[in-house]
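Undergrad: One structure, as structure tokens, below. Some questions next.
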Amino acid sequence: MRSLLLVLSAGVALLLGASCSKRESPVETSVRTQTLHLGNGAEPRDLDPHVVVAYTDYNVLISLFEGLTVIDEATSKPLPGTAEGWDISKGGLVYTFHLRATAKWTNGEPVTADDFVFSMERILSPELASEYSYMLFSIKGAEDYTAGRSKTSKTSA
């Protein structure tokens, strides 16, 4: 009986000792390993930013891609993203974005203005028929390009 009591006491002491040791929190582990943990609620249906329509898919996309600007979560105002800054013409019709010299793709190649032109022309293309192409209709010629009434989108004009 006494040996059983000794074994039980030793087991309880080991359990208490193990439970008192400091463990790394999930946040500390994420910082150390540079791992992003994102609670999304659903698996994304697609990772193509031009065809995504679900908010849960968008949550993943904003972790993967960066636009010319980003939104300040506190003020909802635009902040520099891939563009380090931009100029707006006096009439407010022409925006000139200045890309960060350090902006690179995951393969190390530099991000260029042509990459953004390609992206805008793709989302506007009638062949893709993106549900959100209308969001770029404020760009001169964009709606005609999407409707197939023009062969150029004028996004690079």
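Read-outs: derived from the displayed coordinates by stated rules, not from any lab. As the structure is a computational prediction, the values presented were derived from the model and not from experiment. Every residue, glycine as well, gets a Cβ built from its backbone with ideal geometry; the counts of neighbours run over all protein chains shown.
Undergrad: Normalising by the residue count of region 48-157, find the relative contact order in percent from Cα pairs under 8 Å and 6+ residues apart. Could the numbers behind the result be given before it?
TA: Numbers: 121 pairs, mean separation 18.1, N = 110.
So the answer I get is 16 percent.
Undergrad: Amide H of residue 99: which non-local residues (sequence gap of 5 or more, or other chain) have their own amide H closer than 5 Å, using H built in the peptide plane?
TA: 84
Undergrad: Tabulate in residue order the Karplus-calculated ³J(HN,Hα) for region 121-133, using 6.51 cos²θ - 1.76 cosθ + 1.60 with θ = phi - 60°, rounded to whole Hz; enter x for Gly and Pro.
TA: Here the 3J(HN,Hα) series is 5, 5, 5, 7, 5, x, 5, 6, 6, 5, 5, 9, 4 Hz.
Undergrad: Past the 24 angstrom mark, what percentage of all C-alpha to C-alpha distances in region 48-157 do you count? Intermediate values should be presented prior to the final figure.
TA: Details: 1817 of 5995 pairs.
The proportion of pairs with Cα distances above 24 Å equals 30 percent.
Undergrad: Here's another thing I want to ask about it. So, counting K/R as plus one and D/E as minus one, what does the shell of residues with Cβ under 11 Å around residue 69 add up to?
TA: Values: positive: 77; negative: 66, 72, 84.
Neighbour charge sum, excluding residue 69 itself: -2.
Undergrad: Another question, then. Just to confirm a number: summing +1 for Lys and Arg and -1 for Asp and Glu over residues other than residue 122 whose beta-carbon lies under 11 angstrom from that of residue 122, what do you get? The partial results should precede the final answer.
TA: Working: positive: none; negative: 48, 115, 121, 127.
Around residue 122, the surrounding residues sum to -4.
Undergrad: Output ³J(HN,Hα) for region 107-117: one whole-Hz value per residue in order, computed from phi by the Karplus curve 6.51 cos²θ - 1.76 cosθ + 1.60 with θ = phi - 60°, and x for Gly and Pro.
TA: Each residue of region 107-117 in turn: 8, x, 6, x, 7, 10, 4, 4, 5, 6, 4 Hz.
Undergrad: Let me ask you something else. Out of the chymotrypsin sites (Phe, Trp or Tyr not before Pro) in region 76-157, which ones are loop residues according to DSSP with at most 10 other C-beta atoms within 10 Å?
TA: Working: sites: 86, 95, 97, 105, 116, 118, 132, 134, 137, 145; in loops: 105, 132, 137.
Those that pass, being in a loop and sparsely packed, are 105.
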